Structures are given as C-alpha cells and as structure tokens.
Amino acid sequence: MTKNKSDQRANFGARLRYAFDTSMSAGPIALIGWLAVLSIVVIAVAGLVLAVTGIAPDGAERLGFVEAMWASLMRTLDAGTMGGDSGWGFRFVMLLVTIAGIFVVSTLIGILSSGIEGKLDELRKGRSQVLETDHTVILNWSPSIFDIISELTIANSSRKKPRIVIMANRDKVEMEDEIAAKVPDLRNTRVICRSGDPTDLYDLSLVSPQQSRSIIVLSPETEDGDSSDADSQVIKTILALVNDPARRDAPYQIAAEVRDSKNAELARTVGGKEVQLVLADELIARIVVHSSRQSGLSAVYSELLDFDGCEIYTLPQPDLNGMSFGDALMAYDTSALIGICDYEGRVYLNPPMETRMQEGFKAIIIAEDDAAIKLVSPGSVDTRAMVAPQPEAPKSERTLMLGWNHRGPMIAFELSRYVAPGSLLTIAADTPELQEEIANLKISGDNLRVEYGVIDTSHRATLETLDIPSYDHVLVLGYSDHFDPQPTDTRTLVTLLHLRKIAETAGVKINVVSEMIDVRNRELAEVTRADDFVVSNKLVSLMLAQASENENLAAIFDELLDEQGSEIYMRPAEHYIDLGRPVSFYTITDACRRRGEVPLGHVRRANRTQGDSRNMGGVVVNPKKSDMLTYEPGDRIIVLAQD
C-alpha cells in the first residue's frame with residue numbers, strides 16, 4: 001500500500017513535469033505566462049505576509065492586503081523603489097520581493113529579446129507570406145533573372161504599383177543584394193524576394209500564385225550543370241502549380257524555360273494550355289541559323305522580343321470583322337498586322353490574303369504600345385513605283401562553324417532544313433568529343449554536306465588555313481560545355497578579333513554570327529565589327545518576359561522559326577519599288593500583299609548614317625506607313641513570307 005502511494009506520488013510529479021515541459025514548448029507566450037504566474041504568487045505572498053504580520057515602514061500605518069500587494073508590485077518592477085524603505089522587517093520582505101522581481105524582469109527581457117531576434121531572423125530568411133495581387137511571380141534562380149527583371153520593369157512602367165515576387169532556394173538577403181547590384185534601376189517596380197522550394201506546395205503558397213497575373217519558371221542552376229535535373233525541377237514546379245488543391249479556378253499564365261527538347265512533351269502534358277514553353281537551346285539554335293543566313297536579322301528578333309521598342313500584341317479587333325486579311329494590312333498607320341489567332345488559340349502568321357477576319361478572332365499586331373493600335377483610313381498608294389516580282393533561284397551556301405557545344409548538333413540540323421542543294425557546312429573545333437558527335441550528327445535531307453577538322457580556333461595561323469573569305473557565313477560558338485561563361489566568351493572574343501584581321505587583310509566583309517554567353521561581353525564584341533551577335537541568356541530572358549505578358553508569344557515564335565511556316569526575310573528594296581523615288585510604306589505594304597507577303601520594316605543606309613542610338617544596324621521595325629521615304633541601293637525590306 002505504501003509502495004502504491006509512493007508510485008502515485010512519483011507518477012503525479014512526472015505528469016506535472018510533463019505538463020510543465022509541454023507548456024514551455026509553446027514558445028515565448030507560454031514563458032511570459034509562467035513569469036506572470038510567478039510574479040502574482042510572489043506579490044500575493046508578500047502582501048499576505050505584510051497584512052498578517054503588520055510589518056510596515058517606520059512611522060507608517062499598518063498596510064492592508066491590497067496596499068501591501070501594490071507596494072510589492074512596485075518593487076518587483078523597479079528595484080530602485082526599495083531604496084526609500086525604512087524598518088528592517090519591512091526592508092527584509094521587500095528585499096526578497098525585489099530579488100524575485102529582478103529575476104522575473106531579466107528573464108522577461110531575455111525572452112522578448114530572443115523572440116524579436118527570432119522574428120527578425122525569420123523575416124531575413126523570407127518565410128512570410130506575400131500579400132500582393134496582380135503581381136508577376138518568378139520561380140527559381142539563374143543568370144537570366146536579371147534581364148527578365150529589367151524587361152519587366154519596362155513593361156510595368158505604365159502600371160500602378162507593379163510588383164515582382166521571386167522565390168528560390170537561396171538566401172533572401174543575397175538575392176536582394178545581387179538584384180540591387182545588377183538591376184539598379186527598377187523604375188516604379190518593387191521586387192520582393194522569398195526563400196523556399198518552388199516544388200513544395202506550402203512554399204509556393206508564400207508567393208500567392210492564386211492572385212498573380214503571370215508566373216515565370218526558370219531553369220535553375222545545378223551543381224553539375226545537368227539539364228535533365230534542371231528540367232525535372234521545372235516540371236515538378238509546374239505540376240505543383242496546376243495541381244495544387246487550393247489553386248484558383250481561373251487558368252494561370254505560366255511561361256517556363258526547358259533546356260532539353262526531349263522533356264518538352266512531358267512539360268506540356270503537365271501544364272496543358274496554362275503553360276508556354278521556351279525551349280532555350282532550340283530557340284538559340286534556330287535564331288543563330290536564321291541570323292547567320294541574313295545579316296541584321298538578329299536585330300529584328302531582338303526588337304520583337306525587347307519591351308524597349310516595338311512589341312507583339314494579340315488583341316481583339318472587332319472593327320476588322322468581315323474584312324480580308326490583305327485589306328486589314330492597310331488599316332493601320334503606326335502598327336503592323338502580321339497574323340491572326342483563332343477561337344482555339346491557334347496562330348496563323350501571314351495567312352492567305354483572302355482570309356476573312358471573323359468575330360472572336362484576335363489580331364497579331366506589332367506596335368510600340370497597345371495605345372498606338374488604331375484603325376485609320378488606308379493611305380495613298382503609288383502603283384507606278386512598284387516593280388514586278390523578280391524570282392531568284394536558290395543558291396548553295398558555304399557555312400563555317402568555329403567552336404562547338406551541345407547546341408552544335410541542333411544548329412547543324414536546323415541549317416540543313418533551309419539550305420539549297422550542294423551546300424557545305426565545315427565544323428572546326430578542338431573539343432574531345434567532336435569526332436564522336438559529328439559521326440552521330442543528324443541532317444535533314446541531302447542538301448547539306450558536313451566536313452570537320454580538329455583545330456585551335458583561337459590561333460590566328462590555324463584559322464588562316466581554312467580560307468575563311470571563301471565562306472558565305474561564319475558561326476562562332478562558345479565552348480560553354482567545358483568552361484565557365486567568362487573564359488568561354490574570352491575565347492570567342494579572341495576568335496572574333498582574328499576574324500576581323502583576316503577580313504581586313506583579304507579586303508572582304510565576312511558575315512559573322514557569334515554566340516555570347518554573358519550579355520555584358522556584347523559591348524566588347526562590338527569592336528570586332530562582326531555583323532550579328534546572339535547573346536544566349538539575353539534571348540531566353542526576353543522570350544520568357546514577353547511570354548509572361550502575351551499568352552500566344554511562344555506559338556508565334558514557333559511559327560516564325562519553323563521552316564513550314566512564314567519566316568522573316570530581308571530582301572532588296574528594288575525587288576518591290578523603284579529606287580530613288582519617294583514612296584510611302586503604304587506603297588511597300590501594297591506591293592508586299594500582292595505577293596502574299598507581310599511587310600515588317602526596312603533596313604536603310606540613311607538610318608545608319610543619321611544615328612542609330614540602339615545599335616540596330618539601320619533596322620527599323622514597324623515604320624510609320626504614311627511617311628514618305630526614298631530608298632537607295634543596298635536598302636532592304638523586312639518581310640514575313642512563306643518562301
């Protein structure tokens with residue numbers, strides 16, 4: 001029996017300790033509660049002792065229980081209060097109360113300090129929820145993010161209180177510092193960073209995707225640079241967004257970057273119609289090929305993708321209903337109609353001129369701003385200035401590729417889809433896997449013959465043995481599979497400088513397209529006087545930023561860069577109008593539509609000599625149609641055509 005009582009007392013004490021431990025684990029609030037209880041007990045006991053014993057300061061009346069508790073409370077909160085006490089009995093009781101008060105107050109200060117420090121640390125980590133609406137969400141972190149932010153700040157300049165919310169597996173303060181250093185001018189846009197895993201549903205909820213206007217999913221940086229691992233994270237993020245049980249009913253507008261085209265089908269299956277995919281390597285490969293075959297074309301693509309200039313809009317234009325596409329081309333002065341988007345979101349660039357605009361169709365228009373898109377009465381056309389079409393027989397092409405990386409096979413295959421029979425591609429590089437990859441190279445058709453040589457592309461004497469002036473086009477790729485961005489671009493710059501000297505010595509102009517990994521090296525590359533430069537990360541960034549604002553942009557560029565669709569060509573102006581005679585762009589538009597083409601702009605020598613602040617090489621996209629201009633030999637018209 002005695003043992004049972006002892007066990008019961010032990011169990012009761014253990015349960016009390018467990019209850020106390022459980023309450024203490026509740027955090028600072030529980031600790032403050034226990035301190036309050038301890039203070040009340042000390043004050044009540046001291047007040048009871050003074051009231052019962054009658055102990056009071058010398059010469060003072062006996063204190064009641066309430067007055068005694070008040071006196072004890074004052075000494076608990078302020079140790080200096082007991083300095084004026086008299087009477088040793090009263091002093092002794094108040095000393096004990098003051099000591100207990102010092103313990104309580106110091107503990108309370110420690111708890112508050114620790115709680116505040118913890119809260120500040122939580123804020124520094126970026127784990128609080130973002131309470132924003134109509135904002136742009138960027139998930140993951142890559143070098144592309146700075147260009148994307150720069151472009152979005154331009155797009156947001158006309159918005160009220162625009163916000164960009166970024167979430168990545170990085171420290172919040174580090175992200176903020178890096179953005180402040182590399183994007184110093186955010187205009188009226190505020191950037192908010194949060195640390196978290198974009199594939200985790202709870203972490204995703206911190207950036208409030210349900211209230212966002214658009215979402216950009218970047219291909220994250222991986223330690224080993226494995227594109228498959230990066231793509232799998234992108235796909236998991238898309239899956240988390242679209243299948244979140246707490247997601248909104250309205251569809252998301254998601255622009256996602258995928259590196260390997262083999263993962264594109266899975267990403268489309270997961271995201272459905274809510275996602276636009278930007279196939280980064282494929283996009284770069286296609287633009288490299290198109291730019292290499294037509295000098296100046298990269299400036300056109302940059303203009304269409306850059307917010308700081310003309311952009312592509314997809315908007316309903318009910319006033320065009322019932323009008324043929326050919327007639328609709330003449331209905332804009334400061335804008336350029338280039339295609340239509342049907343009820344199901346399918347894109348048709350440069351459709352047949354007799355195609356009727358229908359209710360529910362959207363017009364695909366190039367304009368400086370959506371406010372500039374206005375229908376006007378067609379301007380006058382000078383039919384006497386037009387010339388008859390001059391068909392050109394396709395010519396074989398000689399292309400030299402200097403350098404090699406994982407985009408090389410894509411570029412070779414893309415080039416083989418366009419060139420005429422008898423064309424040649426010579427590949428010169430010094431990578432260890434070159435011979436094996438050339439052996440496995442896939443080529444479309446029999447029009448392109450491929451030969452290769454293992455040489456040091458940064459050595460002048462070796463380059464001179466290739467007879468570079470005999471080639472129509474030269475492509476310079478970076479060795480990005482083996483070096484970091486800066487060493488890669490350094491070798492590219494050295495090659496470009498050698499090409500410049502070779503061209504000067506031979507007294508010829510070499511059409512060069514080079515790949516730059518880091519956009520900051522583009523200015524250095526300009527000293528080589530090469531015709532075109534394709535900056536990898538910049539193009540991907542522009543595409544993602546534009547796709548987040550235009551739900552049809554990925555489909556539009558797929559059509560632009562596909563051999564089966566309409567493509568951009570830069571053709572001699574004399575193929576359309578008489579040179580040396582002032583004409584309006586309405587006249588050129590009419591000349592183009594008679595051939596089933598859509599005019600996009602022009603390249604004029606006068607634009608280069610009169611100042612080209614944006615370094616566009618004389619390229620002007622979407623010129624005002626009513627302006628009268630005189631074209632000279634060497635000027636070209638930029639058109640969208642099937643052939």
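The values are calculated or read from the model by the stated rules, or taken from the named source; none is laboratory data. Computed from a prediction, not measured in an experiment: that's the story for all the values here. Positions of Cβ are generated from backbone atoms using ideal geometry, with glycine treated the same way; all protein chains shown enter the neighbour counts.
Some observations on this one:
- Remark: pairs (first residue in the stretch 32-60, in contact (Cβ under 8 Å) with a residue 24 or more places away in the chain and outside any helix (DSSP H, G or I); second residue of a type in the set (Phe, Trp, Tyr) and surrounded by fewer than 16 Cβ atoms within 10 Å (Cβ to Cβ); Cβ separation under 9 Å; 6+ apart in sequence or on different chains) = 55/92.
- Identity of the residue in the stretch 491-516, of a type in the set (D, E, K, R) and crowded, with 17+ Cβ neighbours inside 10 Å, that ends up nearest to residue 227 (Cα to Cα): 515
- Subset of the stretch 386-397 [part of a loop (DSSP other than H, G, I, E, B), touching a residue at least 24 places away in the same chain (Cβ under 8 Å) and hydrophobic (A, V, I, L, M, F, W, C)]: 387
- Evaluation of residue 586 against the conditions (1) closer than 28 Å to residue 413 by Cβ; (2) in contact with a Lys or Arg (Cβ under 7 Å, 6 or more places away or on another chain) shows that the sole unmet condition is (1).
- Remark: pairs (first residue in the stretch 473-501, free of Cβ contacts under 8 Å to residues at least 60 places away in the same chain; second residue aromatic (Phe, Trp, Tyr) and not in a helix (DSSP H, G or I); Cβ separation under 6 Å; 6+ apart in sequence or on different chains) = 488/479.
- Verdict on residue 239 being in a helix (DSSP H, G or I) and either among the aromatic types (Phe, Trp, Tyr) or touching a helix residue (DSSP H, G or I) at 6+ places or on another chain (Cβ under 6 Å) (or both): yes
- In the set 112, 48, 73, only one residue is of a type in the set (A, V, I, L, M) and at pLDDT below 75; that residue is 112.
- Of the helices (runs of 4 or more DSSP H) that lie entirely inside the stretch 93-205, those containing 2 or more residues that are of a type in the set (A, V, I, L, M, F, W, C) and loosely packed, with under 13 Cβ neighbours inside 10 Å span 172-182.
- Residues located in the stretch 433-475, provided they are under 12 Å from residue 415 (Cα atoms) and in contact with a Phe, Trp or Tyr (Cβ under 7 Å, 6 or more places away or on another chain): 442, 443, 444
- Scan of the stretch 456-466 for residues that are over 37 Å from the mean Cα position of the chain (by Cα) and more than 10 Å from residue 400 (Cα to Cα), ordered by number: 460, 461, 462, 463, 464, 465
- Odd one out for residue 349, checked against (1) touching a strand residue (DSSP E or B) at 6+ places or on another chain (Cβ under 9 Å); (2) over 27 Å from residue 212 (Cα atoms); (3) free of Cβ contacts under 8 Å to residues at least 24 places away in the same chain: (3)
- A single entry from 407, 398 fulfils the requirement of being charged (D, E, K, R), at pLDDT 95 or above and either in contact with an Asp or Glu (Cβ under 8 Å, 6 or more places away or on another chain) or in the same structural domain as residue 440 (by TED's automatic domain parsing) (or both): 398.
- For residue 409, the requirement of being surrounded by 13 or more Cβ atoms within 10 Å (Cβ to Cβ), under 26 Å from residue 629 (Cβ atoms) and of a type outside the set (Asp, Glu) is not met.
- Test for residue 256: is it under 30 Å from residue 206 (Cα atoms), modelled with pLDDT of 95 or more and not in a loop (DSSP other than H, G, I, E, B): yes
- Whether a residue is assigned to a strand (DSSP E or B) and in contact with a Pro (Cβ under 8 Å, 6 or more places away or on another chain) was assessed, and residue 420 does not pass this test.
- Residues that are in contact with a helix residue (DSSP H, G or I) (Cβ under 9 Å, 6 or more places away or on another chain) and more than 18 Å from residue 404 (Cβ to Cβ) were ranked within the stretch 418-445; the one that is surrounded by the fewest Cβ atoms within 10 Å (Cβ to Cβ) is 445.
- Contacts under 7 angstrom Cβ, first residue in the stretch 434-451 being in contact (Cβ under 8 Å) with a residue 12 or more places away in the chain, partner surrounded by 10 or more Cβ atoms within 10 Å (Cβ to Cβ) and assigned to a loop (DSSP other than H, G, I, E, B), 6 or more apart: 434/404; 444/417; 447/419; 447/420; 447/421; 448/419; 450/441; 450/443
- Output for the stretch 480-490, where each listed residue is crowded, with 19+ Cβ neighbours inside 10 Å and either more than 23 Å from residue 296 (Cβ to Cβ) or more than 30 Å from the chain's Cα centre (by Cα) (or both): 480, 488
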